[in-house]
1. Being free of Cβ contacts under 8 Å to residues at least 40 places away in the same chain, in the same structural domain as residue 47 (by TED's automatic domain parsing), of a type in the set (D, E, K, R) and in a helix (DSSP H, G or I), is that true of even one residue in the stretch 268-275?
2. Looking only at the stretch 316-334, count every residue that is at negative phi and either surrounded by fewer than 17 Cβ atoms within 10 Å (Cβ to Cβ) or part of a loop (DSSP other than H, G, I, E, B) (or both) and tell me the total.
3. Among the residues of the stretch 130-149, write down those that are within 11 Å of the ligand (Cβ to nearest atom) and either over 15 Å from residue 108 (Cα atoms) or aliphatic (A, V, I, L, M) (or both).
4. State which residue pairs qualify: first residue crowded, with 23+ Cβ neighbours inside 10 Å and inside the stretch 153-177, second residue in a loop (DSSP other than H, G, I, E, B) and of a type in the set (Lys, Arg) in any location, beta carbons under 6 Å apart, and separation of 6 or more residues or different chains.
5. Of the residues 168, 193, 206, only one is assigned by TED's automatic domain parsing to the domain that holds residue 134 and out of contact with any helix residue (DSSP H, G or I) (no Cβ under 9 Å at 6 or more places or on another chain); which?
6. If you go through the stretch 293-309 one residue at a time, do you hit one that is of a type in the set (A, V, I, L, M) and touching a Gly at 6+ places or on another chain (Cβ under 8 Å)?
7. Give me the helices (runs of 4 or more DSSP H) completely within the stretch 56-104, filtered to those with at least 2 residues that are at pLDDT 95 or above and in contact with a Gly (Cβ under 7 Å, 6 or more places away or on another chain), ordered by residue number.
8. Anything in the stretch 55-81 that is away from the ligand (no atom under 14 Å from the Cβ) and surrounded by fewer than 24 Cβ atoms within 10 Å (Cβ to Cβ)? List them, or say none.
Amino acid sequence: MPHTEMIDVRSDTVTRPTEAMRAAMMAAVVGDDVFAEDATVNALQEKAAALFGMEAALFCPSGTMTNQIAIKLHTQPGDEVICDQLSHIYLYEGGGIAMNSGASVRLLAGDRGRFTADQVADNINNANDAHFPQTRLVAIENTVNKGGGATWDIEDIKRIRVLTQQRGLALHLDGARLFNALAAHQQTPQVVGPLFDTISICLSKGLGAPVGSLLLGTRDHMRRAHRIRKVLGGGMRQAGFMAAAGHYALDNHLTRLTEDHDKATALERVLRSMSYVVDILPVETNIVIFKLSDHVSTEDFLSYLSEQQVRAASVGKQLIRMVFHLDVSDSQFDRLLGIVRAFR
Ligand SMILES: Cc1ncc(COP(=O)(O)O)c(C=O)c1O
C-alpha cells in the first residue's frame with residue numbers, strides 16, 4: 001500500500017514546529033529564567049503584556065499551569081470559584097482547583113460554556129452568612145473547547161466585568177484559544193485585556209508552538225505568580241528556546257487562524273448532509289463537534305477513520321471532535337472531506 005500521510009485532527013495541540021520556528025528556537029539567546037535572566041523569555045512576556053495592554057506576563061509550561069496559578073492567586077482555601085460546567089478548569093485539570101487551591105466550585109449551566117451576568121449574580125454567595133463559601137472568582141473560557149469552539153459576545157463579558165467589579169470578585173479568562181475568538185470576531189487583544197484581572201493564553205494550540213502558555217495580569221499578580229509557579233515545579237531554566245517558538249508564533253501564525261476556521265466551516269457543511277450525523281455544534285472557530293446517529297458506534301466510526309489514516313477524538317457519548325490547525329494542509333483537508341463523505 002502506498003504511504004499515506006496521517007491526518008491528525010484530534011486536537012490543535014498536535015502540531016510540530018515548522019522549520020522556520022525550529023531555526024528561531026535554535027538561535028535563541030537564553031539565560032536562567034528562574035532568576036528572570038532569560039532575555040528571550042523576558043521579551044516574550046513584555047510582548048504579550050503589551051499586546052493585551054496589561055502590565056505584566058509570566059511564561060509557564062502549560063495552560064493548565066497558568067489557569068491553576070490564576071485560581072491560586074485569586075482564592076484562599078475554602079473560597080468558591082464560579083465557572084461553567086463545561087469549563088476546562090473544572091473538567092480537565094485533574095481536580096486542580098481542589099488540589100492546588102483548596103477551593104470549591106459553583107458550576108453554571110451555560111449555553112455551550114457561555115453564561116450571563118444574571119447567572120453569575122444568582123450564584124454569588126452571601127458573604128455575611130458563615131454557612132457559605134466566600135465567592136471570590138469568576139472564570140470564563142474563550143473559545144469554549146467542550147462547547148465546540150464557541151466564542152463569547154464581548155458585551156456579555158463586559159456585563160460580567162461590571163458585576164464582578166461591583167461585588168469585589170476577580171475575573172479570570174482561560175484564553176487557551178483566545179486568538180481564535182479574536183480572529184472570528186475581528187477583535188484586537190487590546191479590547192479584551194482591560195476586561196480581566198488575569199488572562200491565560202496558550203502558544204501550543206492553534207499558534208503551533210511546541211510548549212508554552214502565558215499568564216497576564218498586574219505586576220503584583222505576576223510577582224506572586226512567579227512564586228506559585230516555582231512551588232508547582234514550573235520554574236524552567238533556559239526556557240528561551242521555547243519562548244523563541246512563542247515569539248515566532250505570535251509574529252507569524254496569528255493571521256492564518258482564519259484558514260483553520262474556514263476548514264471547520266466547510267467540514268460542518270459536508271457533515272450536515274450526512275445521514276450518519278444527527279447534530280453538530282454550530283461552528284465558530286477551528287473546532288467541530290458532531291453527534292453520530294445511534295445506528296453508528298463511535299468505535300466503528302473511529303476505526304473507519306483510522307483505516308483511512310485519520311485520527312479524530314471521541315469527546316462524549318456518540319460525540320466526535322475534529323480540530324483544525326496548521327499541520328492540516330489543504331490537500332489533506334480535501335482528502336478528509338472525501339473520507340467523511342464516503343462513510344456508510
Ligand atoms: C480551554 C483549555 N484550557 C486550558 C487547556 C490546558 O492547556 P495545556 O494542555 O497546555 O495544559 C486546554 C488544553 O487543551 C484547553 O483546551
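The values are calculated or read from the model by the stated rules, or taken from the named source; none is laboratory data. In this text the structure is predicted, and so the values were computed from the model without any measurement. Positions of Cβ are generated from backbone atoms using ideal geometry, with glycine treated the same way; all protein chains shown enter the neighbour counts.
1. no
2. 10
3. Hits for the stretch 130-149 are 139, 140, 142, 143, 144, 145, 149.
4. Short answer, once both residue conditions are applied: 176/205; 177/205.
5. Result: 168 is the single residue among 168, 193, 206 that is assigned by TED's automatic domain parsing to the domain that holds residue 134 and out of contact with any helix residue (DSSP H, G or I) (no Cβ under 9 Å at 6 or more places or on another chain).
6. no
7. By residue number, 63-74.
8. Hits for the stretch 55-81 are 55, 56, 72, 73, 74, 75, 76, 77, 78, 79, 80.
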